Amino acid sequence: MTEGQINAVCVFCGSRPGTDPAYEAAALGFGRGLANANVTLVFGAGGIGLMGAVAEGALAAGGHVAGVIPKSLLERESGNGDLPEIHVVDTMHERKAKMHDLSDAFVVLPGGLGTYEEFFEILTWRQLGFHDKPIIVVDVAGYFDPLRQIVRHGVDQGFLNAKDEQLFSVVDSIEEAFALLGIAAEIG
């Protein structure tokens, strides 16, 4: 990889579709955009929810997809057997470490506890200086407004430094995420 060039993006997102159709549309569009820009999608290898949608978007557009999944979740998350590259690991920690190693940047789409946990761990790694890869939260339909508030609250209450808010970016659309990453992507 050349300095600053993004060849692979890890997407953290839900194993459920959520209640707003905008979530799935964003996941499908993001996957398509990565494929159209010839950027590898790295994700949790699940074939359900937004994880399945982001992979579906990338695969349908002819993109390269790398999935990482613990053995224990293969059946539970309907591991996608159609992936061109799949890494089966033993633990959730190994999953995140492998996703980190395979990726040049991280994008967070709506999701549940697992998505939050993945986001906060990769954010903590950046805070501690373990990496300096971009982290972008896509606030689809205002989903992450409470996340912004909790981080600000941590700063206000003295548990976070103001500079910690700069460790990640929040954007309102996948188009803005691609622009911030410097990826010229056709979404449609």
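Considering the conditions (1) in a strand (DSSP E or B); (2) among the β-branched types (V, I, T); (3) farther than 28 Å from G182 by Cα, V11 is excluded by exactly one of them, (3). Do we have any residue at all in segment 91-103 that's at pLDDT below 95, open to solvent by 80 Å² or more (accessible area, probe 1.4 Å) and assigned to a loop (DSSP other than H, G, I, E, B)? No, segment 91-103 contains no residue that is at pLDDT below 95, open to solvent by 80 Å² or more (accessible area, probe 1.4 Å) and assigned to a loop (DSSP other than H, G, I, E, B). Annotation note: of G63, G67, G57, the sole residue that is part of a loop (DSSP other than H, G, I, E, B), at pLDDT 90 or above, open to solvent by less than 70 Å² (accessible area, probe 1.4 Å) and not hydroxyl-bearing (S, T, Y) is G63.
Out of curiosity, is V42 touching a strand residue (DSSP E or B) at 6+ places or on another chain (Cβ under 8 Å) and over 11 Å from I174 (Cβ atoms)? Judged against the criteria, V42 is a match. Within segment 25-32, identify whether any single residue is more than 13 Å from the chain's Cα centre (by Cα) and not in a helix (DSSP H, G or I), and answer yes or no. Taking every residue of segment 25-32 in turn, none turns out to be more than 13 Å from the chain's Cα centre (by Cα) and not in a helix (DSSP H, G or I). Selection of segment 78-109 for residues being within 20 Å of A35 (Cα to Cα) and within 12 Å of the chain's Cα centre (by Cα) yields M99, H100, S103, D104, A105, F106, V107, V108, L109.
If you go through segment 163-179 and keep only what is part of a helix (DSSP H, G or I) and either of a type outside the set (A, V, I, L, M) or over 13 Å from the mean Cα position of the chain (by Cα) (or both), you end up with K163, D164, E165, Q166, L167, E175, E176, F178, A179.
Cβ-Cβ contacts under 8 Å between residues 6 or more apart (or on different chains), taken from a first residue in segment 12-40 that is touching a residue at least 40 places away in the same chain (Cβ under 8 Å) and on the phi > 0 side of the Ramachandran plot to a second residue that is in a helix (DSSP H, G or I) and open to solvent by 30 Å² or more (accessible area, probe 1.4 Å), are listed as G18/E24. Summed over segment 169-188, the residues that are in contact (Cβ under 8 Å) with a residue 40 or more places away in the chain and open to solvent by 50 Å² or more (accessible area, probe 1.4 Å) give a count of 5. Considering segment 111-152, and only residues there that are of a type in the set (D, E) and in a loop (DSSP other than H, G, I, E, B), the residue that is farthest from S173 (Cα to Cα) turns out to be D132. Within segment 153-168, can one find any residue that is surrounded by 13 or more Cβ atoms within 10 Å (Cβ to Cβ) and under 21 Å from A8 (Cβ atoms)? Yes - at least one qualifying residue is present in segment 153-168. If you filter segment 19-54 down to residues that are in contact with a Pro (Cβ under 6 Å, 6 or more places away or on another chain) and closer than 11 Å to L109 by Cα, you find that the one that is least open to solvent (accessible area, probe 1.4 Å) is Y23. Can you confirm whether segment 121-137 contains a residue that is touching a Ser or Thr at 6+ places or on another chain (Cβ under 6 Å) and either open to solvent by less than 70 Å² (accessible area, probe 1.4 Å) or at negative phi (or both)? Within segment 121-137 (the criterion being touching a Ser or Thr at 6+ places or on another chain (Cβ under 6 Å) and either open to solvent by less than 70 Å² (accessible area, probe 1.4 Å) or at negative phi (or both)), the answer is yes, since at least one residue qualifies. When G114, G142 are screened for being within 20 Å of G18 (Cβ to Cβ) and in contact with a Phe, Trp or Tyr (Cβ under 9 Å, 6 or more places away or on another chain), only G114 passes.
The values are calculated or read from the model by the stated rules, or taken from the named source; none is laboratory data. Source: prediction; values computed, not measured. As a convention, Cβ positions derive from the backbone with ideal geometry for all residues, glycine included, and neighbour counts pool all protein chains shown. We work out accessible area using only protein heavy atoms, side chains counted, and drop any ligands, DNA or RNA first. Shrake-Rupley method; radii C 1.70, N 1.55, O 1.52, S 1.80 Å.
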